[in-house]
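Asker: Before anything else, here's the structure in question.
The values are calculated or read from the model by the stated rules, or taken from the named source; none is laboratory data. If you're wondering where the values come from, they're calculated on a predicted model, not measured in any experiment. Note that each Cβ is placed from the backbone with ideal geometry, even for glycine, and that neighbours are counted across all protein chains shown. Note: areas computed on protein heavy atoms with side chains; ligands, DNA, RNA excluded. Shrake-Rupley method; radii C 1.70, N 1.55, O 1.52, S 1.80 Å.
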Amino acid sequence: MAKDMKVAYLLDFYGDLLTEKQRDSLDFYYNEDLSLGEIGANLGISRQGVRDNIKRAEAVLYEMEEKLGLARKFSLIEKSLANVRKHIDIIDNRNMRVYRSNDINESIKVILKELEKLNQLNK
């Protein structure tokens, strides 16, 4: 069975929607890198039962992402926040070298505080 590591990422967003055995199966398989046999021994089910759990759980995760798109939105927000931060640094450096404006400096501080709030909400 080939591993799609996107599943581990989706597990962080939608793992609570899975049964305990499905969640444990995915966690052991993707995060702990255990074999199907090792997972079966840990969960007290057959290797085939583990495989079935993983396949069903993957389908649930992909379906939830298709419907809700939380992982995609989170990733886009993370990239946008990083880009905003990059451009704040450019403005700040330019201000320090050329303009030395206290108004710009204060505005940058306000923007950075707001950016930090958004970063915290996105975690």
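Asker: Looking at the range 13-35, is at least one residue within 30 Å of LEU118 (Cα to Cα), among the charged types (D, E, K, R) and without any contact (Cβ under 8 Å) to a residue 12 or more places away in the chain?
Answerer: Yes, the range 13-35 has at least one match.
Asker: I'd like the full set of residues that are open to solvent by 50 Å² or more (accessible area, probe 1.4 Å) and among the hydrophobic types (A, V, I, L, M, F, W, C), limited to the range 6-27.
Answerer: Passing the criteria: PHE13, LEU17.
Asker: Of (1) surrounded by 15 or more Cβ atoms within 10 Å (Cβ to Cβ); (2) more than 24 Å from the chain's Cα centre (by Cα); (3) part of a helix (DSSP H, G or I); (4) of a type in the set (A, V, I, L, M), MET96 satisfies all except one. Which?
Answerer: With respect to (1) surrounded by 15 or more Cβ atoms within 10 Å (Cβ to Cβ); (2) more than 24 Å from the chain's Cα centre (by Cα); (3) part of a helix (DSSP H, G or I); (4) of a type in the set (A, V, I, L, M), MET96 is out only on (1).
Asker: Please indicate, with yes or no, whether at least one residue in the range 60-77 is in a helix (DSSP H, G or I), more than 15 Å from the chain's Cα centre (by Cα) and among the aliphatic types (A, V, I, L, M).
Answerer: Yes, that holds for at least one residue.
Asker: So, in the range 70-91, how many residues would count as being of a type in the set (A, V, I, L, M), under 27 Å from TYR14 (Cβ atoms) and open to solvent by 90 Å² or more (accessible area, probe 1.4 Å)?
Answerer: Of the residues in the range 70-91, 1 are of a type in the set (A, V, I, L, M), under 27 Å from TYR14 (Cβ atoms) and open to solvent by 90 Å² or more (accessible area, probe 1.4 Å).
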